[in-house]
Amino acid sequence: MTPSMDLGRLRADFPILERRIRGRPLVYLDSAATSQKPQAVIDALVDCYRNYNANVHRGVYSISEEATEKYEGARDKVQGLIGAAKRESIVFVRSTTEAINLVAYSWGRQNIGPGDEILLTEMEHHSNLVPWQILAAEKGAVLRHLSVSEEGTLDLDEARRLITERTKLVGVAHMSNVLGTINPVKELGRLAHQAGAVMLVDGAQSVPHLPVDVRDLDCDFLAASGHKMLGPTGIGFLYGKTELLESMPPFMGGGDMISQVWLDHASYNDLPWKFEAGTPNFADAIGLGVAVDYLQAIGMDVIREHEKQLTAYALGTLGELPDVQVHGPRDIDIRGGAVSFCLGDVHPHDLAQVLDQEGVCIRAGHHCCHPLMRKLGVSATARASFYLYNTENEVDVLVSSLDKARAMFGQFGPAGN
Ligand code: C6P
């Protein structure tokens with residue numbers, strides 16, 4: 001544990017961690033899927049609905065102004081978290097998925113033509129594959145993919161070969177939700193820019209866990225989800241450079257995104273509201289703002305350090321088990337706390353069910369990464385993923401639960417695919 005984090009006190013902020021499952025303490029190791037919420041975030045939602053629930057940007061009465069102020073304040077907090085130069089760069093959306101679809105739909109339809117290339121990677125989540133597949137099919141564009149090495153990393157030399165003047169967009173997960181790999185998105189962005197392409201970073205797994213600075217990365221777009229960073233579900237954001245967002249057509253039409261509307265045409269609102277059609281999810285955005293406050297009060301560097309230590313401990317402990325095969329890099333400096341593994345030939349779903357008997361929550365499945373599963377030669381993996389509230393003791397519970405699973409499923413040979 002990092003000296004600057006009082007884990008006992010911090011855990012007390014998360015009421016769900018007091019729960020017991022089948023008489024055992026809840027061991028929540030699935031934060032890559034969704035994080036738990038501190039009381040402050042839960043309170044912020046209740047406060048909004050109890051005390052100032054009113055539609056934003058519309059009312060001229062006090063509680064609507066209060067809601068608007070808090071909603072726009074949440075935007076400022078997100079701007080601060082990721083180091084964006086301008087608040088207009090932050091567009092509230094539902095999730096990472098919606099943010100990427102927004103870019104594919106709006107920027108993509110305007111800028112991608114027949115024969116243009118979109119470069120992704122083999123480790124992308126479906127939400128950074130399928131929107132581009134839809135766009136490529138519509139426009140006659142070509143999809144290319146950086147390969148994933150045995151260690152679970154990308155190869156910059158391959159990127160240098162594949163990024164050419166035909167490349168229009170490079171889209172890469174900052175951190176893989178399966179392998180934990182932290183990808184060199186800054187270097188990839190530099191290569192993209194040299195070729196005149198734009199760089200999209202899928203920050204779903206990095207923004208909650210690492211210090212992320214969009215000015216340092218110099219990415220053109222970055223997508224993230226509030227629910228993975230202590231915030232509510234149904235709220236996320238797209239960061240975009242303002243010159244790009246300015247040039248893009250709206251994603252959806254409706255209220256709030258307009259300036260003037262006639263029967264046959266309309267002019268559009270300023271950034272960022274041009275991309276926020278209809279009543280926005282202001283309550284959850286406000287909750288996200290409180291989550292950002294919570295993360296920043298601890299410090300993203302402190303959170304990263306804690307997760308590094310915990311992941312190193314987990315990799316070391318799991319690595320000692322001869323029948324456990326861990327996927328992804330071993331070098332702790334280039335990986336985060338999503339640890340995918342297989343226990344012998346036990347199906348990950350069976351394993352997750354046995355672990356549930358012990359109160360341990362892990363995810364089992366393809367993690368919305370079918371192509372990566374094919375590359376790894378598996379249909380599914382078990383995945384433990386850590387966050388700021390997890391402890392080494394919880395890693396020990398995971399390992400002792402694996403012992404129980406092993407006993408239940410009988411003896412088997414070394415881990416394989
Ligand atoms: N990964 C996981 O258990 P949404 O669903 O829109 O909030 O996030 C999508 C997404 C995009 N990119 C990456 C790298 C992700 O990990 C995710 C969500 C979850 O791994 C749910 S499949």
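The values are calculated or read from the model by the stated rules, or taken from the named source; none is laboratory data. Just so you know, these numbers come straight off a predicted model, no measurement behind them. Neighbour counts run over all protein chains shown; Cβ positions are idealised from the backbone, glycine included. Side chains are part of the model used for accessible areas, which takes the heavy atoms of the whole protein and leaves out ligands, DNA and RNA. Shrake-Rupley method; radii C 1.70, N 1.55, O 1.52, S 1.80 Å.
Annotations
- Sparsely packed loop sites in segment 297-378 (the trypsin sites (Lys or Arg not before Pro) outside DSSP H, G, I, E and B with at most 15 other Cβ atoms within 10 Å) comprise 330.
- Lysine pair count for segment 42-296 [Cα-Cα under 18 Å; pairs on different chains or 8 or more apart]: 11
- Equivalent ellipsoid semi-axes - Cα gyration tensor, segment 146-190, angstrom: 19, 12, 8
- What the Cβ-Cβ distance of residue 333 and residue 392 gives, at R0 = 22 Å and to the nearest 0.05, is a FRET efficiency of 0.65.
- The calculated Kirkwood hydrodynamic radius for segment 35-154 is 17.8 Å, given to one decimal from all distinct C-alpha pairs.
- Rule-of-thumb Rg ratio for the chain [Cα; 2.2 N^0.38 Å; N residues]: 1.01
- DSSP-defined beta bridges in the chain - what % are antiparallel, rounded to 5: 60 percent
- Surface share of carbon and sulfur [accessible, 1.4 angstrom probe, percent] for segment 42-296: 50 percent
- Reachable aspartates and glutamates from residue 404, criterion Cα separation under 14 angstrom, eight or more residues apart if same chain: 323, 350, 356, 358, 396
- Total formal charge among the other residues, if their Cβ is under 11 angstrom from that of residue 364, Lys/Arg +1 and Asp/Glu -1: -1
- Sequence of 279, 181 when ordered by accessible area, the most exposed leading, probe 1.4 angstrom: 279, 181
- Residue 18/residue 242 FRET efficiency (R0 35 Å; Cβ-Cβ; nearest 0.05): 0.20
- With only the Cα atoms considered, segment 146-300 has a convex hull volume of 134 Å³ per residue.
- Two tests apply to each whole DSSP H helix in the chain, Cα reach of 18 Å or more along its axis and mean Kyte-Doolittle hydropathy of at least -1.0, and the ones passing both are 62-82, 282-298, 300-319, 392-409.
- Ordering of 125-131, 15-21, 28-34 by burial proxy (mean other Cβ atoms within 10 Å per residue, highest first): 28-34, 125-131, 15-21
- Average accessible surface for the chain: 40 Å² per residue, computed with a 1.4 Å probe over protein heavy atoms with every protein chain in place.
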